[in-house]
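Encoded as structure tokens, the structure appears first; notes follow it.
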Amino acid sequence: MHQQRIGLGGGCHWCTEAVFQNLRGVSDVAQGFITSQPPHDSPAEAVLVDFDPARISLADLVEIHLRTHASTSGHSLRKKYRSAIYAMDAQQAQAAEAILGHLQENFADRLVTRVLPFAGFEPSAEQYHNYYAHHASNQFCRRY
């Protein structure tokens, strides 16, 4: 089994974690804060997703990501909730760019999601890990 890793950010990492934890082919999801290179070097909420590309494709992960957060909104909280795909290397970045280009035709508005190089990760506090699994009835979880 050849695992790959991708970083995904756009909304609250509590909610994003739950979406990707429930997918076949995903072996691990870590929520926290990802940094990229300037000018995107401030920490933003995101998840690291470890997956088996033989079971779930990068294209499927990106499409799920785009459809489970406000990927066409340039709202005022984008610094904390940067809509991004954090690529681990140049090959993955190129693939993600091609996927975004292809998927854009399925959205009425322009995607604000950017492909950025992964620079670092700081996990969130342990008390928030598996948040949805422990708080599914929470109003926040029900809405998002």
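The values are calculated or read from the model by the stated rules, or taken from the named source; none is laboratory data. These numbers come from a predicted model, not from an experiment. Cβ placement follows ideal geometry from the backbone for every residue including glycine, while neighbour counts extend to all protein chains displayed. Accessible surface is based on the protein model in full, side chains and every heavy atom, while ligands, DNA and RNA are left aside. Shrake-Rupley method; radii C 1.70, N 1.55, O 1.52, S 1.80 Å.
Some points to look at:
- Selection from the stretch 12-52 of residues that are crowded, with 21+ Cβ neighbours inside 10 Å, outside any strand (DSSP E or B) and modelled with pLDDT under 95: H13, W14, T16, E17, A18, V19, F20
- Total residues in the stretch 64-84 satisfying the condition of being more than 19 Å from P117 (Cβ to Cβ) and open to solvent by 60 Å² or more (accessible area, probe 1.4 Å): the figure is 7.
- The listed residue being of a type in the set (K, R) and touching a residue at least 60 places away in the same chain (Cβ under 8 Å), out of R67, R5, R55, R24: R5
- Close pairs from the stretch 88-115: first free of Cβ contacts under 8 Å to residues at least 12 places away in the same chain and surrounded by fewer than 16 Cβ atoms within 10 Å (Cβ to Cβ), partner of a type in the set (A, V, I, L, M) and not in a helix (DSSP H, G or I), Cβ under 8 Å, at least 6 apart: Q104/L111
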